[in-house]
Amino acid sequence: MSGETWHTIGELARRTGLSVKTIRYYADSGIVPPTERSAAGYRRYGPAAVARLELVRTLRDLGLDLATIRRVVNQEVPLREVAAAHAEALAVQIRLLRLRQAVLTVAARRGSGPAEVDELHRLAQLTSRERGQLVAGFLDSVFAGLGGQPAYPGVIVSMTPELPDDPTAEQVEAWLELAELCREPQFRARMRRLVRQHAADHDVPGPPRPDAVAVVRDAVTGALAAGLDPTGPDADPVVAAVTGRYASLHGHPDDADLRRRLLDRLVPANDPRRDRYLDLLAVINGWSTGAATAPAVDWFIRALRARMPEPAR
């Protein structure tokens, strides 16, 4: 073996950046044994020891235990198999850490107490089946009795969140908030009323037509952007455009009765939680978020009420 370069343990430490104590421990553990000993009994290492130590350091930095590393460097198990298994284990840990991060982030944002933190943690740990049951219970309650109508099965699917197997922290946070909305009785009742009013407006022959919210949103966007006062005279053309179109769509004159009916349709829709549900749904499902409807609906409700006669006393 003449001509080979031999390294003392101190030289190995300088070349690899590892401490003498660490290299000695690896040698005693059989991970990087000395190639030979000098006449004085000192450990000496051949050129391969440097590469071997660098591999050991890399594997340790990646989180592998020493027993597994010993099997790799001794070629008892292929590195690719160890890497694949360790990568999968890390993926599980990362998913768990994301869940914990989401729960703690939401709890910190809200200033939650112990009971709420416990409930958030429970919601974060639901299985895919349990999440599906929770959302299905909400949607079944909202759309009860309407599932047989041709349009509604598709609407129900479009309102169903599908949390991915490897969600981001943002998606987990969105799921926690959406799950709470689904369990809120007042929100369920508001959505149930809104859906039934929507169904009543569409229970007529002919092609599909926009509902009251869509008519308002389309007409009011410009007024909102311009900062028009809904109670001022500049809003008159906007109100007339909405009530005129709604009257035309439903075959009714634009009179006080129609305006009361329109107001009755819009009040349940004037709920920021409806927009919030759709925004959270978009985050969970990886969709782009749409424009909020509540600001337009709120503007028009105020505009319409300002132009309706006071009820008789």
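The values are calculated or read from the model by the stated rules, or taken from the named source; none is laboratory data. As the structure is a computational prediction, the values presented were derived from the model and not from experiment. Heads up, the Cβs are rebuilt from the backbone with ideal geometry, glycines too, and the neighbour counts pull from every protein chain shown. With ligands, DNA and RNA removed, areas are computed over all heavy atoms of the protein, side chains included. Shrake-Rupley method; radii C 1.70, N 1.55, O 1.52, S 1.80 Å.
Determine the shape class of segment 211-313: with a ≥ b ≥ c the square roots of the Cα gyration tensor eigenvalues, call it rounded for a/c under 1.5, and otherwise prolate if a/b is greater than b/c, oblate otherwise. Mind dumping the intermediate values first?
Numbers: a/c = 1.99, a/b = 1.75, b/c = 1.14.
Verdict is prolate for segment 211-313.
For the residues ILE69, ILE301, ILE94, a GNM of the chain with alpha-carbon springs under 10 Å puts the largest fluctuation on ILE69.
Remark: segment 230-313 carries 52 Å² of accessible area per residue (probe radius 1.4 Å; ligands, DNA and RNA excluded). Taking the average, over residues, of other Cβ atoms within 10 Å as the packing measure, peptides 22-33, 286-297 rank 22-33, 286-297 from highest down. For segment 71-151, the alpha-carbon coordinates run over 67, 41, 16 Å along the three principal axes, in decreasing order.
What size of dipole, in debye to the nearest 20, comes out for the chain about its Cα centre when the only charges are +1 on Lys and Arg C-beta atoms and -1 on Asp and Glu C-beta atoms?
Values: 41 positive and 39 negative charges, 185 e Å.
Charge dipole, the chain, about its Cα centre: 880 debye, nearest 20.
When you count, for each residue, the other Cβ atoms within 10 Å and take the mean per peptide, how do 260-271, 102-113 rank with the highest first? Intermediate results must be reported in sequence, preceding the final value.
Values: 260-271: 18.7, 102-113: 14.8.
Put in order of decreasing packing, that is 260-271, 102-113.
Between GLU119, GLU173, GLU11, the residue with the greatest mean-square fluctuation in the GNM of the chain (Cα pairs under 10 Å linked by springs) is GLU11.
The magnitude of the dipole of segment 1-159, with charges of +1 and -1 set on the Cβ of Lys/Arg and Asp/Glu and taken from the Cα centre, is near 520 debye. Note on segment 1-94: Rg/Rh from Cα positions, Kirkwood definition for Rh, rounded to two decimals, is 1.04.
Whenever you get a sec, compute what percent of the accessible area on segment 50-122 sits on carbon and sulfur atoms (1.4 Å probe). Don't skip to the end; give the middle numbers.
On the way: 2650 of 4700 Å².
Of all accessible area on segment 50-122, carbon and sulfur atoms account for 56 percent.
Accessible surface calculations at 1.4 Å, restricted to protein heavy atoms, place segment 69-108 at 66 Å² per residue. Nonpolar atom fraction for segment 173-313, defined as the carbon and sulfur part of the 1.4 Å probe accessible area, stands at 54 percent. Taken over the chain, the ratio of Cα radius of gyration to 2.2 N^0.38 Å equals 1.71.
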